[in-house]
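The values are calculated or read from the model by the stated rules, or taken from the named source; none is laboratory data. Just so it is clear, the structure is predicted and the values come from calculations on it, not from any experiment. So basically every Cβ, Gly included, is an ideal-geometry build from the backbone, and we count neighbours across all protein chains shown. Side chains included, ligands, DNA and RNA excluded: accessible areas come from the protein's heavy atoms. Shrake-Rupley method; radii C 1.70, N 1.55, O 1.52, S 1.80 Å.
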Amino acid sequence: MSATVLTASALLLDMDGTLVNSDAVVERCWRRWALKHGLDPEAALKVVHGRQGYATMAVLLPDRPVEENYADNRVMLAEETADVDGVVPVGGAPAFMAAIADLPHALVTSADSALATARMTAAALPMPAVRVTAEQVGASKPDPEGFLKGAAELGFGPADCIVFEDSEAGIAAGRAAGMRVVGVGPRAAALSPDAHVEDLTQIRVETAEDGTIRLHIGAA
């Protein structure tokens, strides 16, 4: 099967589920939280991916004061940062990150800086020089703020950027930012991204003479 080719000037990368497989940690922490609050853990896990913790809590406990969500989120972040058992790179992530090392790219994650550092380190992946973490945005994905900030910091317009995402909230954020989206992994398959891959082994990166990034998607 021939590869789909997408071109861009810059790449904006989600972390969890896109570069790093942290599902084991996420499920452990959020199952505990859901059971503590009398919620169905399976229902909680359907909405947790891609959002900041307080935003997930607001969906699951809509009548709870936001201050309690922020307080719980601080505890959750500390737990997740301390637990890196089972955190591994998504397939193909090391080679992909090496291929884009000298190209314009940014990490745009719902994790805070400490959690992002812990997980990228645990997965032995290089931390992008440009990154937008939870501390730098006022609204969680699916709001496009993080992706728009990442594009602006790299110096490119939304139409020149491609987002890599795995979650419903993240893909919605990329679309709302006016960017094309490559969906990564099983969660993304049903969300109609512009292109979909099972993991990053299915991406081949080329650079044109003018600096344009060419993504061969579906390439072995």
(request) Could you please let me know if E79 is acidic (D, E), surrounded by fewer than 23 Cβ atoms within 10 Å (Cβ to Cβ), farther than 18 Å from A123 by Cβ and at pLDDT below 95? (result) yes
(request) Take H37 and decide whether it is open to solvent by 20 Å² or more (accessible area, probe 1.4 Å) and touching a residue at least 60 places away in the same chain (Cβ under 8 Å). (result) no
(message) Condition check: part of a loop (DSSP other than H, G, I, E, B), in contact with a Lys or Arg (Cβ under 9 Å, 6 or more places away or on another chain), small (G, A, S) and under 30 Å from G178 (Cα atoms). Does G86 satisfy that?
(response) no
(message) Condition check: of a type outside the set (V, I, T), within 25 Å of F147 (Cβ to Cβ) and either in contact with a Pro (Cβ under 6 Å, 6 or more places away or on another chain) or not in a helix (DSSP H, G or I) (or both). Does L39 satisfy that?
(response) no
(request) Residue by residue through the range 132-154, note down the ones that are open to solvent by less than 60 Å² (accessible area, probe 1.4 Å) and small (G, A, S). (result) A134, A139, S140, G146, G150, A151
(request) Please specify each residue of the range 101-131 satisfying the condition of being buried (at least 20 other Cβ atoms within 10 Å of the Cβ), among the β-branched types (V, I, T) and touching a Leu at 6+ places or on another chain (Cβ under 7 Å). (result) V108
(request) Could you please find all residues in the range 14-36 being part of a strand (DSSP E or B) and closer than 17 Å to P142 by Cβ? (result) D16
(request) Among residues belonging to the range 168-184 that are touching a residue at least 60 places away in the same chain (Cβ under 8 Å) and surrounded by fewer than 21 Cβ atoms within 10 Å (Cβ to Cβ), point out the one that is nearest to the chain's Cα centre (by Cα). (result) E168
(request) State whether one or more residues within the range 201-218 are surrounded by fewer than 18 Cβ atoms within 10 Å (Cβ to Cβ), within 15 Å of the chain's Cα centre (by Cα) and closer than 19 Å to A93 by Cβ. (result) no
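Out of the residues in the range 42-69 that are assigned to a loop (DSSP other than H, G, I, E, B) and touching a residue at least 12 places away in the same chain (Cβ under 8 Å), which is most open to solvent (accessible area, probe 1.4 Å)? Write out each step before concluding.
Step one: of the range 42-69, the residues assigned to a loop (DSSP other than H, G, I, E, B) are 49-52, 61-65.
Okay, now just the ones that are also touching a residue at least 12 places away in the same chain (Cβ under 8 Å), so 49-52, 61.
Working: H49: 33, G50: 21, R51: 69, Q52: 17, L61: 35 Å².
My answer is R51.
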